[in-house]
Every structure is written in C-alpha cells, then in structure tokens.
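Here's the structure, in structure tokens; my notes come after.
The values are calculated or read from the model by the stated rules, or taken from the named source; none is laboratory data. Nothing here was measured: the structure is a model prediction, and the numbers come from that model. Every residue, glycine among them, receives a Cβ derived from its backbone with ideal geometry; neighbour counts consider all protein chains shown.
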C-alpha cells in the first residue's frame, strides 16, 4: 500500500463550482502535511500546509483528520486558472516529502 | 525562479548511454534531495544529502544510479546504461537546516527521454 493515496481524477468542473479532493495516508508518525499544486511539465509548488485545526487561504481550505488518517482540500468558486494537478504530501522522517499520485483538476468555462 | 537551478533542462539520449544531471541548490541550504517523476505519478524520493554526506537512498535508486554532492554545494545525479524506463523528470530540491516541507524549494526539473 502506498503511503499517500489519492483519487487521480480527472475532476472536470465548471467555473464557479466547489470541488473537494481527499487523500488518505499510512504511517501516522508524520507530523507535517501539505497540498502542492503542479502545472503541466512544471515543478510542484506549495499550495498550503495542512493542520488539524483546519487551514484556510482565500478560496482554499485544507483539513487534517489524524484519527482517520485523512486529508482534504476544498476549492470554492473555482477559476480556470485552478486547472492543475493537486498533490497530497506528507513529511518523511528525513525531512523529505512523500507525494501522492496527484489529482487532476480541469475547470471549464 | 526559486533559486534552485538544474541542468540540463532537457536531455534525449539513446538507450545504453550515460547521462548526468546537475543541481545547484540555494547556497545556504545544507539539505538537498533528488526526486523522480514519471507520467501520471507524483514525485518519488530518490536520495538525500546533508552537506556532502548522502544519508538516505531509496530502493528506487538502482546500481545504475549514483549521486554525489562534493563539498556540500552542487550535486550530480548520474544514470549509467540508461533504459527506457528511466525516462522521467528528475527534480532537485533544497531545504535549510531544520526546515520542513513548507520551506523546501524545487528546481524546474530535468527531463530525460531515453529512445
């Protein structure tokens, strides 16, 4: 079993829609969790950190449920520019990052 | 531009040839990571340096792969006797001492195509 599992999608949504991505992880020793965004043929970029108390940044909300080993990302009022692959990430023991496969989002006009 | 530089950005090579990628991290970052990303997958951890010491290697790093970081500055990743399955984007990332995932900086990646 992969340490971080995500639905690969694709998620095809109209502009303005609300979309939610989920991710599960194993090895609960991890203390840090993140969502990264990756555009086609580009490097991944940090979108936001994820905390048990929830984390909101504009239209984006991330949540961590340690009991269920579950991470979520909610995007409200989606824009065309949100089209990308969203990577669920947990911190490894050596400071490295362990990535999920990514969930592809396509926002249509 | 994150300050992490990778060269070459693209490389096409024939199967069986050797290739070398270089990464120049942010100068004050003492930790450096290499990842590989194939189509439809997230980046997969290959190896990690703290200064010049290679502290961890993934099982993905076969005997054909070798990485170095002389003097704790730039790093090289060499792939010997390339195979078609080596075609991927190779990402380098650096992080300052004590940093965590929200302080990691990725380079733009080096694309390898083995034909």
What pairs come out if I take residues in the stretch B:38-50 that are on the phi > 0 side of the Ramachandran plot and pair them with residues that are part of a loop (DSSP other than H, G, I, E, B) whose C-beta lies under 8 Å away, six or more apart or interchain?
B:40/A:8; B:40/A:101
Could you go through the stretch B:6-24 and let me know if any residue there is touching a strand residue (DSSP E or B) at 6+ places or on another chain (Cβ under 8 Å), closer than 18 Å to residue A:46 by Cα, in contact (Cβ under 8 Å) with a residue 40 or more places away in the chain and surrounded by 17 or more Cβ atoms within 10 Å (Cβ to Cβ).
no
Please determine whether any residue of the stretch B:27-36 is surrounded by 14 or more Cβ atoms within 10 Å (Cβ to Cβ), within 14 Å of another protein chain (Cβ to nearest Cβ) and over 24 Å from residue A:4 (Cβ atoms).
yes
Can you confirm whether residue B:61 is within 14 Å of another protein chain (Cβ to nearest Cβ), in contact with a helix residue (DSSP H, G or I) (Cβ under 9 Å, 6 or more places away or on another chain) and closer than 24 Å to residue A:38 by Cβ?
no
The one condition in (1) free of Cβ contacts under 8 Å to residues at least 40 places away in the same chain; (2) at positive phi that residue A:77 fails to fulfil:
(1)
Any residue at all in the stretch A:5-14 that's touching a strand residue (DSSP E or B) at 6+ places or on another chain (Cβ under 8 Å), in a strand (DSSP E or B) and closer than 25 Å to residue B:90 by Cα?
yes
Which of the residues spanning the stretch A:91-109 are at the interface with chain B (Cβ under 8 Å from one of its Cβ atoms), touching a residue at least 24 places away in the same chain (Cβ under 8 Å) and more than 13 Å from residue A:22 (Cα to Cα)?
A:91, A:92, A:97, A:98, A:99
Residues satisfying the stated conditions in the stretch A:25-47, i.e. farther than 19 Å from residue B:33 by Cα and crowded, with 22+ Cβ neighbours inside 10 Å:
A:25
Quick one: is residue B:50 out of contact with any helix residue (DSSP H, G or I) (no Cβ under 8 Å at 6 or more places or on another chain), modelled with pLDDT of 95 or more and within 23 Å of residue A:89 (Cα to Cα)?
no
Scope the stretch A:15-43; condition touching a helix residue (DSSP H, G or I) at 6+ places or on another chain (Cβ under 7 Å) and part of a loop (DSSP other than H, G, I, E, B); matching residues
A:15, A:32
Candidate set: the stretch B:77-99, residues that are at pLDDT 90 or above and surrounded by fewer than 16 Cβ atoms within 10 Å (Cβ to Cβ); chosen: the one nearest to the other protein chains (Cβ to nearest Cβ)
B:85
Could you figure out which of (1) within 14 Å of the chain's Cα centre (by Cα); (2) modelled with pLDDT under 90; (3) closer than 23 Å to residue B:46 by Cβ isn't true of residue A:96?
(1)
Answer yes or no: is there a residue in the stretch B:37-44 that is within 14 Å of chain A (Cβ to nearest Cβ) and over 22 Å from residue A:43 (Cβ atoms).
no
Yes or no: residue A:85 within 14 Å of the chain's Cα centre (by Cα), more than 24 Å from residue B:4 (Cβ to Cβ), within 14 Å of another protein chain (Cβ to nearest Cβ) and buried (at least 19 other Cβ atoms within 10 Å of the Cβ)?
no
Which of (1) under 13 Å from the mean Cα position of the chain (by Cα); (2) in contact (Cβ under 8 Å) with a residue 24 or more places away in the chain does residue A:49 not meet, given it meets every other one?
(2)
